[in-house]
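The values are calculated or read from the model by the stated rules, or taken from the named source; none is laboratory data. Not measured: the values here are computed from a predicted model. Quick reminder, even Gly has a Cβ in these numbers, built from the backbone with ideal geometry, and neighbours come from all protein chains shown.
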Amino acid sequence: MSLRRRVKTMGMTKSRSKRLCEAVSVIFVHIAAFIKYRRNSKMMRFSWRLGLFFLLLGGISAPIRVPPATVREVRTILPSEWGVPYPAGLTYSNDLNHLFLLDKGNSAHSTSEGSTVVTITPSEDLVATVHLGFVVDDAVNTAFDDGNRRLLLLNSELSELAQIEVGDNGVLDPATQVRFDVARFGLEHAQGMTVDFAGQYLFILDSAASQVIRVTLDESGFDKAEISTIDLSHLGVTDLRGIAVQPTNNHLYVVSPAEQQLFELTQSGQPVAVHDLTDLNLVDPGGLAFAPSTDLTDPPDTIHLFIADSNLPDSRPVSALYLPLLLRRSGGSVVSKYFVGLLAQPGRGDQVFGRILEVALDLEAPVTIRVPQDQPTIQAGIDAAQDGDLVLVSAGTYTEQLTLAGKTITLASQFYTTGDQGFIDQTIIDGDGNTVITVDSSVGPDTKIIGFTIQNGTDGISALGKLQILNNRFIDHSDGIDYEAGGGIARNNVFENNRDDGIDLDGPTEAIIEDNVIRNNGNDGIEIRLHRYSGPTLNIIIRNNLIVGNDEDGIQLIDYPDESDRVFLIERNLIQDNAMAGLGLTDNDHSDEDFQAASIPERIHLFNNTFVSNDHGVTGGDNLIALNNIFVGSTTIAMKNVDGNSIAAYNLFWNNGTDYQDSNLENDTTLFDDPRLNSDHRLQSGSPAIDAGTAHFEWQGDVVLDIPRRAYAGTAPDLGMFESHLFPAPPGNQPPMVDAGLNQTITLPTSAMLDGTVSDDGLPNPPGVVTTTWSQISGPATVTFADPNAVDTTAGFAAGGSYVLRLTADDSELTARDELTVTVQPTLAGPPVLVGAGDITGCNYDRDEETAKLLDDIPGTVVTLGDNAYPNGTDVQFNDCYDPTWGRHKARTRPAPGNHDYHTPGASGYFNYFGAAAGEPDKGYYSYDLGDWHIIVLNSECREVGGCAGDSPQGRWLQADLAANPAVCTLAYWHTPRFSSGRHGNSSAVAAFWQILYDAGADVVLNGHDHDYERFDPQNPDGVADPARGIRQFVVGTGGKGLRPFETIQPNSEVRNSATRGVLKLTLHATSYDWEFVPIAGETFTDSGSAACNPTSLANPDP
């Protein structure tokens, strides 16, 4: 035990002499622990005695000072599937390798057949369910005696101890039940029971008496058993719960629920360490048991503590998703099991189930080196650290390039010690254009990097060794992580807006990539090069990730000559809105997706993924097994050239350009139907994908999939990432669910657009209907609702001020309501303002919220310059992505459509959302006046509206509109720019727009499409400078989507920036205008100026 470890104080302040005695006692306790570590038992006993002497000298009631230690949650087991929804009793048999579980005594599962004991293995195989024939009143008092192969159950109120023996088949036999009178134990209130691994003693925790009763074990009974006590009153805590004996050191462990602490004690009751359990959020802890770790990444002799907690915390969700975990069986073999990932499940009432936690105990608390308190830089902290140390970095921005080599340490922000995710955003390591963190091959696999924003590098992390990369955010690199070799675990990270790939795997890399968000990267979400390799199989596992909105493939596998010793497991991912392939396979070191669908021979397991709205779903694979997947909305092909030794079975295809091509489909198990996905891509009630999968599949003599029965709710697993309905809905009528929408600000005379949401369970039936009503709760004047009974309606206001509006839903028995606040600003004085940008929102990034905050503080008319809701402009993306951010200003927005809005046929999501404000749905072009200015909105998606030429319907309308609305100042906006130095460059498709506007003397054109900001000097339609009457063009593709560098710089381009998101604000005077680019918070780039409007055109456009 480290002598450098901090001590933790419990109890009240004592006199100086007592504190001195206590301090001296602690020193000798530490010396004893250190000598024990060095295996010198004589010196250990001497030091302990000295320590205890000084402790007693200071007073027996003195508070105990012991070192702190840590716990780490390994996994959660939900035993409700086995009929134990509220686990309290928990014990382990080392000989049988079985865990015995008992439900809490007040559970409905204590029936006329008595309480139920469920037996499982630590790897979650169900062994047996046994009805005892009697009720166990307090299940926490359960222990297994391996020496006599019996389960012991205590009823302390009756002073009765029951034993049930295990039969030759390894299952409890209730017929062997024997009861013993144990009144002589003198128990007041037992709250835990255990047997040591040697089978010598039964330990009973008497919480009321603050002591442990130790009883010698004898198969003949307990009448003559020796009894002794272990005093715990010196701990200074009450209501201790649960007890277990650690098999390697025979220390006792007890829990204090009130203090959220786990005490480690010697068998004389002296404290060794205190483990903080706060992060586990225990509510009602009960039985404790030590059992072998089942985590494949642990050494074989690792022991973990299992804790029964009969109720989940209120803040935890109440349903479960079973996700894969590699577990170790008792014999050393490995099995792919499923652990429980907890998911929110709204509308489930108060139904909450218990859990069993497997936790690892860190008996050696790490030495902490704090930056900048102890060392001035992060690298200095790394250099000063030794194996096992923690380098803890305070919030701030550190411009450094770090190297980890030759040691095993944890490098972490204060997120690691607090759990506060705010520290991830606040603790920034900036590479200043270089590789931010280089990890050498000499580091140990327990090296960890936790809780940083890692930004602005060639690579975020370049790794040659194995390590764990946890809870970080990688932005603005070439690659977020570049594994050159090694690998390890990448878990709970966010990879976004990197110029190349989120994660890049090269060379002999073996990695687990799970629970990450990988979105909006410039090329692939994950790119894996299958470099030549032979040797022990490299297992690459990609599971439970959100891989969304990347500019090339979601996952790309790049083939090289010769088959390598790699196996891929790609399961339970949501792979959505990637511009090219969801899973793309390419040939011959070719990293640009060409949709050739490479015949990669390595084995690829593709299980239970949901593919949504990618251009291609899966391309290629000669040894690919696709089971239980959903393919929806693939623009071109969902599955291409999955052939050779491949098989695709139990998959669903819907609304794809082509469902499959040249692929080995098992037709009898393949569905072609609407999966009824909700906005989170989970299955709604009635989906044909529910129970449509397979739990077991064999291919060419191998078992390739074996999902346990408890991992799904119905007769078979569901298709796709998310398993539905693991828990039943609460019985009876539930109140409607009501959402009045977001608070909003409008400017008179604009009306507020109310966009509420109401859902209900359809009960009672009859009537089976819900009535809704809008009402005014407060405000300085009258509110007029266009239709007070419609969920979506408008509200007009008689005066400025703050108004609270309520939406109420009534199902005839139960009522629910929600409110929003509308801030009404009076009519603006002064010239009107036009403000906006293009290329705005997506559900998978949050920069649109930063630009929306700019709009919150800028009054006027909001314009959008196309590509409003990425990636496909669906109804869901407008409602769930655009509406919470820029949608706050929907009532004052005049939009223009872009190409991504038309990824949904007819841009129906765009027109449904904006309604009449977007113009006629078959046109999308319109005009309006703003002060003295005439404003024209055009549609640059030419093929969708009959063209953009001068003689097209839109071209003729534009000429007629200009002729009918002569104005001194005219502004037009649309999506695709005529002139641009960005990636897309100049577009000749809109040249006629420019010619017509130029002939009419127009002044300003606004565009998006290229993700940058660019201002041009006034020029004519041919791109020739024309300061006298040319049009000034702004490209403002900075609304939130990832930015891109400039390419070919165009003539007359005066100001450019491709690193700053923001909005353009135009103040429109009667004969002039002011412009200002307003950056998001924290950025400094801006651009501003003023210009007069052009003289009236000499041309006379002919309508």
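Some notes on this structure:
- So D374, is it touching a residue at least 40 places away in the same chain (Cβ under 8 Å) and over 30 Å from P508 (Cα atoms): no
- Within the stretch 951-979, the set of residues being more than 24 Å from W933 (Cβ to Cβ), part of a loop (DSSP other than H, G, I, E, B) and not charged (D, E, K, R) comprises S952 only.
- Taking first residues from the stretch 982-997 that are of a type in the set (D, E, K, R) and partners that are not in a helix (DSSP H, G or I), the Cβ contacts under 9 Å between residues at least 6 apart in sequence or on separate chains come to R983/D1010; R983/H1011; R983/D1012; R983/R1044; R983/P1045; R983/F1046; R983/E1047.
- Of the residues making up the stretch 650-678, those that are within 26 Å of the chain's Cα centre (by Cα) and free of Cβ contacts under 8 Å to residues at least 40 places away in the same chain number 2.
- Screening S228 on (1) in contact with a Lys or Arg (Cβ under 8 Å, 6 or more places away or on another chain); (2) surrounded by 14 or more Cβ atoms within 10 Å (Cβ to Cβ) shows it passes everything except condition (2).
- Single condition D932 does not satisfy, out of (1) out of contact with any helix residue (DSSP H, G or I) (no Cβ under 6 Å at 6 or more places or on another chain); (2) at positive phi: (2)
- Pairs with Cβ under 6 Å, 6+ apart, first in the stretch 622-642 and free of Cβ contacts under 8 Å to residues at least 12 places away in the same chain, second surrounded by fewer than 24 Cβ atoms within 10 Å (Cβ to Cβ) and assigned to a strand (DSSP E or B): none
- Residue under evaluation P257, criteria (1) free of Cβ contacts under 8 Å to residues at least 40 places away in the same chain; (2) surrounded by 22 or more Cβ atoms within 10 Å (Cβ to Cβ), criterion not met: (2)
- Whenever a residue of the stretch 414-436 is at positive phi and assigned by TED's automatic domain parsing to the domain that holds N456, its partners that are surrounded by fewer than 17 Cβ atoms within 10 Å (Cβ to Cβ) and in a strand (DSSP E or B), lying with C-beta atoms within less than 7 angstrom and at least six residues away or across chains, give the pairs D432/T399.
- Criterion: closer than 30 Å to F878 by Cα, out of contact with any helix residue (DSSP H, G or I) (no Cβ under 6 Å at 6 or more places or on another chain) and either of a type outside the set (V, I, T) or touching a residue at least 24 places away in the same chain (Cβ under 8 Å) (or both) - qualifying residue of H696, H590, H681: H681
- Options G502, G480: the member that is in a strand (DSSP E or B) and either among the aliphatic types (A, V, I, L, M) or closer than 26 Å to T635 by Cα (or both): G502
- Filter pass, A463 being in the same structural domain as Y416 (by TED's automatic domain parsing), buried (at least 21 other Cβ atoms within 10 Å of the Cβ) and farther than 21 Å from Q426 by Cα: yes
- Only residues that are among the polar types (S, T, N, Q) and either within 21 Å of the chain's Cα centre (by Cα) or part of a helix (DSSP H, G or I) (or both) were counted across the stretch 873-903, and they come to 3.
- Residues within the stretch 166-221 that are among the acidic types (D, E) and farther than 18 Å from N141 by Cα, tallied: 4
- Verdict on D425 being surrounded by fewer than 17 Cβ atoms within 10 Å (Cβ to Cβ), over 23 Å from the mean Cα position of the chain (by Cα) and at pLDDT 90 or above: no
- Search result, residues across the stretch 472-492 that are surrounded by fewer than 23 Cβ atoms within 10 Å (Cβ to Cβ) and of a type in the set (S, T, N, Q): S478, N492
- Output for the stretch 270-295, where each listed residue is among the hydrophobic types (A, V, I, L, M, F, W, C) and in a helix (DSSP H, G or I): L280
- Candidates V1055, V1063 - the one that is assigned by TED's automatic domain parsing to the domain that holds A852, touching a residue at least 40 places away in the same chain (Cβ under 8 Å) and under 14 Å from I858 (Cα atoms): V1063
- In the set A992, A1000, A918, only one residue is hydrophobic (A, V, I, L, M, F, W, C) and under 29 Å from D551 (Cβ atoms); that residue is A918.
- E666 satisfies every condition listed in (1) under 18 Å from P717 (Cα atoms); (2) surrounded by 23 or more Cβ atoms within 10 Å (Cβ to Cβ) except (2).
- Residue match in the stretch 917-931 (condition: in a helix (DSSP H, G or I), out of contact with any Asp or Glu (no Cβ under 9 Å at 6 or more places or on another chain) and of a type in the set (K, R)): no
- Any pair with Cβ under 7 angstrom, 6 or more apart, that starts in the stretch 738-765 at a residue that is of a type in the set (D, E) and ends at one that is at pLDDT below 75: D761/N733; D761/Q734
- Members of the stretch 112-133 found to be assigned to a loop (DSSP other than H, G, I, E, B) and either within 13 Å of L99 (Cα to Cα) or of a type in the set (K, R) (or both), listed by number: T121, P122, S123, E124, D125
- Residue within the stretch 140-163 that is surrounded by 22 or more Cβ atoms within 10 Å (Cβ to Cβ) and on the phi > 0 side of the Ramachandran plot present: no
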